[in-house]
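**Student:** Have a look at this one.
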Amino acid sequence: MRKLLLCLMFVIGSCTVSGSLLAQQGQMVVATKEAPPFVIKNDQGEFEGISIALFEEIAKARNLQFKYAEAELSDMIDGLESGKYDASIAALTVNANRESRIDFTHPYYTTGLAIAVPKDESRLMAAVSGFFSWKFFAALGGLCLLLLGVGLVVWLAERKGNKEQFGGGTAKGIGAGFWWAAVTMTTVGYGDKSPVTLGGRIVGFIWMFAAIIIISSFTAAIATSLTVSQLQTKVQGVDDLPGVKVLTLENSASAAFLENRDISFKTVGSVNDGLAALQKGNADAMVYDKPILSYRINQGFSEEVTVLPDVIDRQDYSIGLPEGSQRREDFNTSLLRIINKPEWQETIDDYLGER
C-alpha cells in the first residue's frame with residue numbers, strides 16, 4: 001500500500017513539474033524595439049506596426065502565448081543566442097553575420113538602404129543663415145573697427161586743413177572720417193568728402209590699395225565658403241558619400257554597409273536625431289532603411305529633408321529565432337500563408353500611408 005501511495009505521489013509530482021515547464025515554454029518572450037512603421041509604440045505603451053501585426057497573426061494561427069520585451073538591437077541578437085528571448089522582431093535585417101549566430105524565418109518584407117539629404121531649399125536657407133551667424137557679425141564688427149581706426153587717422157590729418165569736410169567737433173569729424181573710409185573701401189566714392197592735406201592724401205593713397213586687398217580677400221572668403229558648402233551637401237548617390245558628413249545608427253545594417261565601403265560616418269541615437277541634424281544643416285546625409293526614413297520624414301521633416309529614390313543595398317526583414325529553433329518551420333508556414341493574402345498588402349499600405 002505504501003509503495004502504491006509513493007508511486008501515485010511521484011506521478012502527480014511529475015505531472016505538476018511537466019505542466020509548469022509546459023506553461024513556461026508556452027509563454028514566449030519576444031524582443032522588439034521601436035522602428036516605425038514596423039514597430040510603433042502607441043500612447044498606451046502598446047506595440048503595433050507591420051512587424052507586430054505579422055507576428056500576432058502567426059501567434060494566433062499557432063495558438064501561442066507571448067509577451068513583448070523592449071530591447072536594443074544588439075541585445076535582440078545576443079538574447080536569442082543566450083536563450084533570453086524566444087524570438088526577435090522589428091525591422092530585423094538578415095545578413096551573414098547574424099545568420100551565423102541565430103536562425104531567421106523567411107523574409108516578409110524586402111526593401112533596401114537609402115540616403116536622406118537636405119532639400120535644396122534647406123541648403124539655400126543654411127547658406128543664408130550663415131550670414132547671420134556670430135562669426136559673420138564678429139567679422140563685421142572687426143571691419144567696422146578697422147574703418148573707425150582709418151577714419152580717426154584721416155580726421156587727425158585733415159581736421160585743421162580741411163575743416164569744411166572733417167571739422168565740427170570730434171564726434172562729427174571722426175564720423176566723417178569713418179564715412180570716407182567706408183566709401184573708399186567699397187569703391188563707391190561719392191566724392192562728398194576727400195582729403196586735401198598732404199598727410200590726408202598719403203593716408204588716402206595707402207588706404208585705397210589696402211582696401212582693394214581687404215575687399216578681394218573678403219569676397220574670396222565668402223565665395224569659397226558658399227562653394228564648399230554646396231559641394232559638401234550635394235549628395236546624389238552613394239558615390240558622393242565619401243568626404244561628406246554621414247550619419248547612421250550604431251550596430252545597424254547601414255553601419256556595416258558604410259564600413260564595408262570605407263565610408264566614414266557618425267552614429268546617432270535615433271532616426272529622428274539624424275533627420276534633425278540634416279534639418280539644421282549639421283550633416284549632409286543619413287543612410288538607413290528606406291521605409292523607416294520615409295516614414296519618419298513624413299511625420300515631421302518633409303519640408304526640409306527628402307529621401308533619394310535609389311535603393312543602395314537590398315535588405316530583407318525576417319523574424320529572428322534561436323539557432324536550431326523547432327518553431328522555425330511552423331513560423332515559416334504561417335508566415336507564407338499570411339503574406340500571400342491580399343489583406344497583408346492592405347496592412348502594409350495602411351502603415352506606410354500609401355492608401
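**Student:** Restricting to segment 307-355, count the residues that are closer than 30 Å to Gln279 by Cα, part of a loop (DSSP other than H, G, I, E, B) and of a type in the set (D, E, K, R).
**Tutor:** Residues that pass the stated criteria total 3.
**Student:** Checking Pro195 against (1) closer than 21 Å to Leu140 by Cβ; (2) in contact with an Asp or Glu (Cβ under 8 Å, 6 or more places away or on another chain); (3) not β-branched (Val, Ile, Thr), which test does it fail?
**Tutor:** In the conditions (1) closer than 21 Å to Leu140 by Cβ; (2) in contact with an Asp or Glu (Cβ under 8 Å, 6 or more places away or on another chain); (3) not β-branched (Val, Ile, Thr), Pro195 misses (1) alone.
**Student:** Within segment 70-83, how many residues turn out to be more than 21 Å from Val271 (Cα to Cα) and in contact (Cβ under 8 Å) with a residue 24 or more places away in the chain?
**Tutor:** 4
**Student:** Among the numbered conditions (1) under 14 Å from Ala53 (Cα atoms); (2) aliphatic (A, V, I, L, M); (3) buried (at least 16 other Cβ atoms within 10 Å of the Cβ), tell me where Leu352 comes up short.
**Tutor:** Unmet for Leu352, out of (1) under 14 Å from Ala53 (Cα atoms); (2) aliphatic (A, V, I, L, M); (3) buried (at least 16 other Cβ atoms within 10 Å of the Cβ): (3).
**Student:** Moving on to the next point. Before we move on, is Ala71 modelled with pLDDT under 95 and touching a strand residue (DSSP E or B) at 6+ places or on another chain (Cβ under 9 Å)?
**Tutor:** No.
**Student:** Quick one: count up the residues across segment 164-217 that are closer than 16 Å to Leu152 by Cα, part of a loop (DSSP other than H, G, I, E, B) and open to solvent by 60 Å² or more (accessible area, probe 1.4 Å).
**Tutor:** So the answer is 2.
**Student:** Which of the residues belonging to segment 63-90 are touching a helix residue (DSSP H, G or I) at 6+ places or on another chain (Cβ under 6 Å) and farther than 13 Å from Gly320 by Cβ?
**Tutor:** Gln65, Phe66
**Student:** For segment 274-324, enumerate the residues that are acidic (Asp, Glu) and farther than 18 Å from Arg261 by Cβ.
**Tutor:** Hits for segment 274-324 are Glu303, Glu304, Asp316, Glu323.
**Student:** Taking into account only those residues within segment 307-343 that are closer than 30 Å to Asp78 by Cα and free of Cβ contacts under 8 Å to residues at least 60 places away in the same chain, which is surrounded by the fewest Cβ atoms within 10 Å (Cβ to Cβ)?
**Tutor:** Selected residue: Gln326.
**Student:** Of the residues in segment 64-98, how many are under 14 Å from Ser51 (Cβ atoms) and in a helix (DSSP H, G or I)?
**Tutor:** Summing the residues that are under 14 Å from Ser51 (Cβ atoms) and in a helix (DSSP H, G or I) in segment 64-98 gives 2.
**Student:** Among the residues of segment 148-162, are any of a type in the set (Val, Ile, Thr), at pLDDT 95 or above and open to solvent by less than 20 Å² (accessible area, probe 1.4 Å)?
**Tutor:** Checking segment 148-162: not a single residue is of a type in the set (Val, Ile, Thr), at pLDDT 95 or above and open to solvent by less than 20 Å² (accessible area, probe 1.4 Å).
**Student:** Give the residues of segment 230-245 that are part of a helix (DSSP H, G or I) and either of a type outside the set (A, V, I, L, M, F, W, C) or open to solvent by less than 80 Å² (accessible area, probe 1.4 Å) (or both), sorted by residue number.
**Tutor:** Initial filter on segment 230-245 (part of a helix (DSSP H, G or I)): 230-233, 238-240.
The answer is Gln230, Gln232, Thr233, Val238, Asp239, Asp240.
The values are calculated or read from the model by the stated rules, or taken from the named source; none is laboratory data. Everything quoted here is computed from the prediction, not taken from an experiment. Here Cβ is always computed from backbone atoms with ideal geometry, including for glycine, and neighbour counts include all displayed protein chains. Surface areas here come from the heavy atoms of the whole protein model, side chains and all, with no ligands, DNA or RNA. Shrake-Rupley method; radii C 1.70, N 1.55, O 1.52, S 1.80 Å.
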